Amino acid sequence: MGVGKLFLLPNLLDESLEADAFLPPSVGRAVLLLQGLFAESEKSARRYLRRFLSHDQMTKIPLRLLNEHTKKEELESLLEPLRKGEIWGIVSDCGLPCIADPGSDLVLLSHQNGIPVETFSGPSSIVMALQLSGFSGQRFAFHGYLPREEEDLQIRLKKIEEDAKVATQLWIEAPYRSLKMLETLKKVLLPKTKLCIATDLTLPHQRVVTLSMKEWKTIDFTLAKAPCIFLLSAG
């Protein structure tokens, strides 16, 4: 049996959305070929497969967890079915695998073992926020999650603000901490620095607001535990 293949499968940004509106037909065709699926959780994996497969088809696809708890020494065993010629996919809870989500270590190991990797187009909140912000996309840096401790966070934000002079800066925050992040930004950043907050992207009630920090201090902006992307530009 020849070498297998690894599919990087896009997911929706919210489970209430319809796959046909945001995922190309090639994704559904790829799912039909799967002999296994790596996912962040079994629940999200089953929900994903249900969009494309019947119950009988789903039960034939084994699942393996690939998340922040997966140790590097476990990756070799995860790759074993692909070495035997099987086709497996990686899916994140939302958006694109390997972008602020697990998967990159397994992709690298696949390359090192001569296993083909194929990706598919799909929604990325990071790219969409950058497009919608009005900030330059010629140079940008994504920071993932910032420190939680207030002192460490303020130090990091001042460094990011300085870096925003040469490139757009992006990061994410847990929905329940987004409002606290905004309050810290109001305290730390210079009045002329521009901040964009993009929330609930691809949903009917999505919001994308770009203002200077001076302007942000004058408005009442509610963040009701919504998934957010924060972007900074020096203007």
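The values are calculated or read from the model by the stated rules, or taken from the named source; none is laboratory data. Fair warning: this is a prediction, and the values are worked out from it, not measured in the lab. Please note: Cβ atoms are built from the backbone with ideal geometry, for glycine as well, and neighbour counts cover all protein chains shown.
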Could you list all residues from segment 130-177 that are touching a Gly at 6+ places or on another chain (Cβ under 8 Å) and either over 20 Å from SER212 (Cα atoms) or in contact (Cβ under 8 Å) with a residue 40 or more places away in the chain (or both)?
-> LEU130, THR168, TRP171, ILE172
Can we say LYS225 is outside any loop (DSSP other than H, G, I, E, B) and basic (Lys, Arg)?
-> no
Taking segment 93-127, which residues are within 24 Å of LYS159 (Cα to Cα) and hydrophobic (A, V, I, L, M, F, W, C)?
-> ILE99, ALA100, ILE126, VAL127
Considering only segment 20-64, give the helices (runs of 4 or more DSSP H) lying wholly within it that have at least 1 residues that are farther than 17 Å from GLY85 by Cα, at pLDDT 95 or above and among the hydrophobic types (A, V, I, L, M, F, W, C).
-> 25-33, 42-50
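With respect to THR202, is the statement that it is assigned to a loop (DSSP other than H, G, I, E, B) and in contact (Cβ under 8 Å) with a residue 40 or more places away in the chain true?
Values: assigned to a loop (DSSP other than H, G, I, E, B): yes; in contact (Cβ under 8 Å) with a residue 40 or more places away in the chain: yes.
Judged against the criteria, THR202 is a match.
Listed residues SER92, SER54; which is among the polar types (S, T, N, Q) and under 26 Å from ALA198 (Cα atoms)? Step through it out loud before you land on a result.
Details: SER54 fails: under 26 Å from ALA198 (Cα atoms).
Within the list SER92, SER54, the selection yields SER92.
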Considering only segment 180-224, state which residues are under 17 Å from the mean Cα position of the chain (by Cα) and not hydroxyl-bearing (Ser, Thr, Tyr).
-> ILE197, ALA198, ASP200, LEU201, LEU203, GLN206
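Go over the candidates PHE22, PHE38, PHE7 one by one and state the one that is under 23 Å from the mean Cα position of the chain (by Cα), in contact (Cβ under 8 Å) with a residue 24 or more places away in the chain and surrounded by fewer than 20 Cβ atoms within 10 Å (Cβ to Cβ).
PHE22
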Segment 61-90 residues that are at positive phi, paired with ones that are small (Gly, Ala, Ser) and surrounded by 15 or more Cβ atoms within 10 Å (Cβ to Cβ) (beta carbon under 6 Å, 6 or more apart) = GLY85/GLY4
